Every structure is written in structure tokens, then in C-alpha cells.
Amino acid sequence: MRWSEACERNREPILTVLRRWLPQDARVLEIGSGSGQHAVAFSRSLAGVHWQASEHPDAVGPLAERLRSEGPLPEALPLDVRMRHHWPLHAYEAVFSANTCHILPREGVSDLLALAATVLRPGGLLLLYGPFHDAGVHTAASNAAFDTHLCSLDPSMGVRDALELKAEALALGLTTAAEEAMPANNRMLIFQRNENPEA
Ligand SMILES: C[S@@+](CC[C@H](N)C(=O)[O-])C[C@H]1O[C@@H](n2cnc3c(N)ncnc32)[C@H](O)[C@@H]1O
């Protein structure tokens, strides 16, 4: 099974933000759940919240294994954000994704925003955790170095521009509701789907 030390470190700070923002009985769709450590921890800690973990079909096996072994938890959903026909038909009160924006190609991040705009109920929340910069200005030298490292591995990866994402989200009916500074120079970008998408 996959294991992430980072998940162990960032779990509690993320949980603190989720507790503040998620409605008690929210149905949450997680994108790119990876090892499933977040899904397990958040399902256990957030009573009443229904946490639907998902992963790219190529990587869903280990996630499904963890959810089964640590369950009872909802079955892992195979979901490639790049494939519109994979997008769920259910409505959610929140979409959460950690450390995916710098892994997905830039167009994949647009797909993630469009997916959220499609599956979120009016008033629903999109929470994106990870490193971001503002028009090229990094919040820390370590994030700039991480960006360079990612691009050297694969030019389609890289730390994304929060200002650009906020503008793109707004055009999709997702208004920036808040932004929280997180440990290790990460951030939580929080968007809210407009109550009236036509407004
Ligand atoms: C850095 S990992 C983060 C995993 C987990 N969220 C965490 O915080 O540890 C990025 C994840 O994005 C997933 N991913 C990559 N491309 C994807 C796609 N097109 N659709 C859905 N997930 C994708 C990968 O399989 C991987 O698990």
C-alpha cells in the first residue's frame, strides 16, 4: 500500500480547516486521494461527513485496498479529472484535493476546477491544498526550488499560480471565499460555488 509521510504531517492542520468550513453532514468528493490516509483520517474525525475518496484509474487499486482494510468506508471511486465521462453525477457539498494541482498538467487543473463547478451544489465549497505562487512570487524559497525540481522531472508539472486559478474559478461561478496559510509554506484555497449560477 502507498504511504505518505507528508499526509501524516499535514493531516491535523488540514483537519482544523475542514472542521471550520464543512457543514456537519457534508458529502465530500476527494480528488487524487493517493494513499487514502487523508480519507481514512478525515472520515473518522468528521462525524456525519460522507467522504468519497477517488483516484486516477491507474492508481485506484492501492487506495481501494486501504479503504477496505481500514473501513467501513465508501468504496474508492476511479476518477480521472481529465475525462469528463468519469465525472460523478452526484451533487456534493464540497470537493477537496491535496497536492494535486502541481502534479496535474495545467489543463488538468482547469479540468479540476470545471469538475468542481459541475458537481458542487450551489453554495458548495472547493478546497485546494498545496503550494501555490502569486504571479510567480513564491511564498518561500523552498517552493521555488520545488517548482524547478518538478519541471525538471516533467515540464507539464509545476507549482500553480493562485491568482490565475482564482480568476479562472470566478469565471466558472466559483468565488474565492478564503485562503488559509498552512504549515510548510502550503496554502488552502477555498472557493464557493455561487448560490445562483446565473447571477
Ligand atoms: C502528490 S499525489 C497527492 C496524493 C494525496 N492527495 C496526498 O495529499 O498525499 C497526486 C495524486 O494525484 C493523482 N492524479 C494524477 N493525475 C490525476 C488525474 N488525471 N485524475 C485524478 N487524479 C490524478 C495521482 O495519482 C496522485 O495520487
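The values are calculated or read from the model by the stated rules, or taken from the named source; none is laboratory data. Predicted model only: the values in this text are computed from it and were never measured. Note: ideal-geometry Cβ built from the backbone for every residue, glycine included; neighbour counts use all protein chains shown.
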Of all residues in the range 1-31 being within 11 Å of the ligand (Cβ to nearest atom) and of a type in the set (Lys, Arg), the one that is nearest to Ala59 (Cα to Cα): Arg2
Of all residues making up the range 139-163, the number that are buried (at least 16 other Cβ atoms within 10 Å of the Cβ) and either modelled with pLDDT of 95 or more or part of a helix (DSSP H, G or I) (or both): 11
Failed condition for Ser33, given (1) closer than 22 Å to Ala181 by Cβ; (2) surrounded by 13 or more Cβ atoms within 10 Å (Cβ to Cβ): (1)
Conditions (1) charged (D, E, K, R); (2) more than 21 Å from Ala116 (Cα to Cα); (3) at pLDDT 95 or above: number failed by Arg2: (3)
Test: residue in the range 79-95 that is crowded, with 21+ Cβ neighbours inside 10 Å, without any contact (Cβ under 8 Å) to a residue 60 or more places away in the chain and within 12 Å of the ligand (Cβ to nearest atom): yes
From Leu126, Leu174, residue being under 23 Å from Arg19 (Cβ atoms), within 15 Å of the chain's Cα centre (by Cα) and more than 16 Å from the ligand (Cβ to nearest atom): Leu174
Output for the range 96-134, where each listed residue is out of contact with any Leu (no Cβ under 8 Å at 6 or more places or on another chain), closer than 17 Å to Ala171 by Cα, surrounded by fewer than 22 Cβ atoms within 10 Å (Cβ to Cβ) and not hydroxyl-bearing (Ser, Thr, Tyr): Arg106, Glu107, Gly108, Arg121, Pro122, Gly123
Residue in the range 148-159 that is over 24 Å from Ser33 (Cβ atoms) and either in contact with a helix residue (DSSP H, G or I) (Cβ under 6 Å, 6 or more places away or on another chain) or within 13 Å of the ligand (Cβ to nearest atom) (or both) present: no
